[in-house]
Amino acid sequence: AVVDTTNPVLYMFKGLFGSFPGRYSARPYYYKVREYNDFESRDLWEYDLALTPSETMVLVAHVWELSHGSSPYYYTGENCSYQLLRLLEVARPTLELADPLGSIVLPADTVKAISDAPNLVADVRFRPSVRTQLMTRVADMSDAQRDATLALNEDVDHVLDHLTPDEQVGVLDGAVDLFDLHNGAALIKAPTKTLMGERRALLARRSEIRVPSQPLKVV
C-alpha cells in the first residue's frame, strides 16, 4: 500500500475502503530481513517454495509487468498477503489459493493456504528477531554479565577484565544485539558515522577474543 497520510483515522478509513493504491516494489531480501527482524523486532518464518525455474521466471516477469500499474489496497481483503497468493497462482496456474478464502484474508490465512497446497512448500525456517536473540542470550547470564552488557551500550570501552573470556564473549554478543535493538531504525534509515563507528567498535572488541560463540538455540 502506498500510504499518503499519518492521520490514524484517515489511515484506517482509506485502508478499509480501498483508497490506497497497491503497488509492487523490489527490495533486496537482506534489507527487508533487517527491517522486520531488527528494526521492528519481528520473529520471521521463511517458507521456501518448490517453484521450478520456469515458474519463478513467470512470477518475476509478472511482478515486473504489474510494477507499472496499481490496484486498490484493502486492509482486510485484497491486502499484501492476498496479492502474494494471486502471484503464486500466476506462476503455477493449477494452484487455487485465494478464492477459497472469502472476502476477509488475514496474513495467517496466507500461510495456511500455501501450507495446505500440495508440493508447494519445500522447507520452513525460523529466523528469530534481534529482541528474541537478546532475551535468549541474557536468560542464562549472571548479574555481572548483564550489568556489563548494559554498560557496553553506554561505553564501548567498558572494562571486562573481571569476566572470563567465555563470559566476555556472551557479553559482547549480547551487547551487539542490544545495540541493534536500540538503534534498529537509525541503522537502516539514517546510519551516521558515529553510530556505525560504535557498532564496529563492539565488533572489533569481540573479534579480539579468539573464542567462538556457542550456537544460539532459540525455541
**Asked** If amide H atoms are built 1.01 Å from N in the plane of the peptide, which residues on other chains or at least 5 residues away come under 5 Å of the amide H of V121?
**Response** A50
**Item:** the stretch 130-219 - charge dipole about Cα centre, Lys and Arg +1 at Cβ, Asp and Glu -1, debye rounded to 20
**Value:** 520 debye
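Please state the charge dipole magnitude for the stretch 24-79, taken about the Cα centre, from unit charges on C-beta atoms (+1 on K and R, -1 on D and E), reported in debye and rounded to the nearest 20. Kindly include the intermediate steps, with their values, before the conclusion.
On the way: 4 positive and 9 negative charges, 33 e Å.
Roughly 160 debye, rounded to the nearest 20.
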**Fill in**
Quick shape summary for the stretch 132-183, equivalent ellipsoid via Cα gyration tensor, semi-axes whole Å in descending order, reads 16, 13, 8
**Request:** Select from V171, L66, L152 the residue farthest towards the positive end of the dipole of the chain; place +1 on Cβ of Lys and Arg, -1 on Cβ of Asp and Glu, and compute about the Cα centre.
**Result:** L66
**Request:** Using a/c under 1.5 as the rounded threshold, could you call the stretch 64-182 rounded, prolate or oblate? The axes a ≥ b ≥ c are square roots of the C-alpha gyration tensor eigenvalues, and prolate needs a/b larger than b/c, oblate otherwise.
**Result:** prolate
**Message:** Quick check for the chain: number of Lys pairs with alpha-carbon distance under 27 Å, counting only pairs 8 or more apart or on different chains?
**Reply:** 7
**Prompt:** Out of these labelled values of Cα extents along the principal axes in Å, [x] 48, 42, 26; [y] 64, 39, 26; [z] 62, 42, 27, which was calculated from the coordinates shown here?
**Reply:** [z]
**Complete:** The set of residues whose placed amide H lies less than 5 Å from the amide H of R127, leaving out same-chain residues fewer than 5 positions away, is L44, W45, E46
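Bear in mind that the values in this text are calculations on the coordinates, not laboratory data. As the structure is a prediction and not an experimental result, all values here were calculated from the model. Methodologically, a virtual Cβ is constructed for each residue, glycine included, from the backbone with ideal geometry; neighbour enumeration extends over all protein chains shown.
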